[in-house]
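A.B. asks: To start, I am sharing the structure in question, which I have written as C-alpha cells.
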Amino acid sequence: MSALQTQIGKLALDKPGMVASGIMDETGASMVRMLAAGAGAVVTKSIGSEPRAGHANPCFTEVKGGFVNAMGLPNPGIEEFGTEIREAVPHGKIVGSIFGANAAEFAKLAGKMEDYGACALELNLSCPHAKGYGMEVGTDPPLVKQIVAAVKDAVSIPVWAKLTPNTHLLNDIALAVQDGGGDAVVAINTLKAMVISPEFRRPYLSNRFGGLSGPAIRTVGVRDIFDLYEAVSIPLIGVGGISDWRDAAQYIMAGARAFQIGSAIAKDGPEVFATINRELQEFMGDNGYESIADMVGVAHE
C-alpha cells in the first residue's frame with residue numbers, strides 16, 4: 001500500500017491530489033492528461049442542465065498572488081458533456097461537478113453524472129459570480145440540506161459539497177451538508193474580488209466582480225479547513241492556493257483527507273502533481289508518517 005493512498009468516506013484514491021473544478025477538465029483528453037500527470041482524480045468543470053456561454057471577455061486576469069475570474073459557469077450542458085466524461089472514466093476517477101438553481105435540478109443532473117460513470121459528485125454551492133447559482137443557493141443552510149438530501153436520494157455514489165468562504169455561516173452550512181447525508185465537504189471556493197483599471201477608470205472584468213484564487217487565499221482555506229474539522233465529522237477536502245507539498249501538508253494537518261489544485265496547474269503545468277506527490281511522500285518518510293491518515297488533523301493535537 002502506497003503512503004499516498006487516502007480514503008474519503010467510501011471513495012479510495014491512490015494519490016491525495018485532485019484537479020480542482022474548472023482547470024483542464026473540459027474535455028475527455030484534458031482529463032486523461034491530468035490523470036496521467038499524477039492526479040488522484042479529476043473534478044470536472046461545473047456542468048448545468050443547459051449550455052451556457054458564461055460572461056463576456058474579459059473574464060479572467062492575473063493579479064499579485066493569483067488570479068481573478070468571472071467565467072460565469074460556461075459549459076456545454078449535461079447532455080453534451082457526457083461524451084467527454086465517458087472518454088476519461090476508463091483512465092481514472094472522475095468526480096462530476098454540477099450546479100443548479102434548486103434541489104430538483106441538482107438531483108436530475110446528479111443522476112446523469114452517475115450514468116456517465118462519475119465516481120462521486122461535487123455540488124457547486126459556492127461560485128461567487130453567477131446569478132441564481134453557486135453561492136446564492138449555497139449560503140442558506142436549510143436549502144443546502146434540502147439539495148444534498150435530494151441528490152443523495154437520486155444517486156448511489158458519494159456526494160460532496162463545495163462551500164464558499166464568503167460567509168460567516170461556513171460551519172452551519174457544513175453541518176447542513178452533514179445533516180443532509182453528504183459524504184464530504186470541499187473547502188474553499190474563490191474569495192469575492194474585484195480589479196479596477198486605473199487607465200480606464202472602470203472595473204477590468206466584464207462582470208465587474210469575480211473570484212480570487214491562487215496562493216493569496218491559501219491561509220484562508222487552511223483556517224477554514226481547521227475550523228470545519230472541529231465542526232463536522234464527515235471527511236474534508238482542502239482547496240485553495242496549493243502550489244507545493246508544504247501547502248498540501250498544511251491542509252492535511254488542518255484536517256483534510258485530500259486536496260485539490262487549480263491555479264498552480266496554470267502556472268506550473270500538470271507536472272505539479274508528480275512533484276507534489278514525490279516531495280510529500282519524502283516528507284512523510286522523513287517524519288514517520290506511514291499514511292495520509294496519520295497526518296490528518298495533527299495540527300489539532
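The numbers here are math on the coordinates, done by the rules we state, and not lab data. As the structure is a computational prediction, the values presented were derived from the model and not from experiment. Using ideal geometry, Cβ is built from the backbone for each residue, glycine included, and neighbour counts are taken over all protein chains shown.
A.B. asks: Report, in debye and to the nearest 20, how large the dipole of the chain comes out about its Cα centre when Lys and Arg carry +1 and Asp and Glu carry -1 on their Cβ.
C.D. replies: That gives the chain a dipole magnitude of about 720 debye.
A.B. asks: Right, another one. What number, in percent, do you get for the relative contact order of the chain if the mean sequence gap of Cα pairs under 8 Å and at least 6 apart is divided by its residue count?
C.D. replies: It comes to 19 percent, rounded to a whole number.
A.B. asks: Then there's this: Describe numerically, in nm with one decimal, the distance between label points set 7 Å from Cα along Cα→Cβ at Glu271 and at Glu230.
C.D. replies: 4.1 nm
A.B. asks: Looking only at the stretch 74-202, where both bridge partners belong to it, what percent of the DSSP beta bridges are antiparallel (to the nearest 5)?
C.D. replies: Expressed as a percentage, antiparallel bridges in the stretch 74-202 total about 10.
A.B. asks: Out of all DSSP beta bridges in the stretch 1-148, what portion is antiparallel? Express it as a percent rounded to 5.
C.D. replies: About 45 percent, rounded to the nearest 5.
A.B. asks: Taking +1 at the Cβ of each Lys and Arg and -1 at the Cβ of each Asp and Glu, which of Pro76, Ala104, Ile276 sits farthest along the dipole of the chain towards its positive end, judged by Cα position relative to the Cα centre?
C.D. replies: Of the candidates, Pro76 comes out farthest on the positive side.
A.B. asks: Please give the contour-minus-distance gain from Ser2 to Thr83: 0.36 nm per residue of separation, less the Cα-Cα distance, rounded to one decimal in nm.
C.D. replies: 25.9 nm
A.B. asks: If each DSSP helix of 4+ residues adds -39,500 (n - 2.57) and the sum is divided by the residues in the chain, what number results at 222 nm, nearest 500 deg cm²/dmol?
C.D. replies: Here the helix-only value at 222 nm equals -11000 deg cm²/dmol.
A.B. asks: Pick from Gly65, Gly82, Gly238 the residue whose mean-square fluctuation is largest in a GNM of the chain, springs joining Cα atoms under 10 Å.
C.D. replies: Looking only at Gly65, Gly82, Gly238, the largest GNM fluctuation is found for Gly65.
A.B. asks: I would also like to ask the following. If N is the number of residues in the chain, what value comes out of its Cα radius of gyration divided by 2.2 N^0.38 Å?
C.D. replies: Expressed relative to 2.2 N^0.38 Å, the Cα Rg reads 0.92.
A.B. asks: State which entries of Lys112/Lys145; Lys108/Lys145; Lys10/Lys267; Lys162/Lys267; Lys93/Lys162; Lys131/Lys152 exceed 28 angstrom in Cα-Cα distance in the structure shown.
C.D. replies: Pairs exceeding the cut-off: Lys10/Lys267.
A.B. asks: Return the percentage of antiparallel bridges among DSSP beta bridges fully within the stretch 6-300, rounded to the nearest 5 %.
C.D. replies: Looking only at bridges with both residues in the stretch 6-300, the antiparallel portion is about 40 percent.
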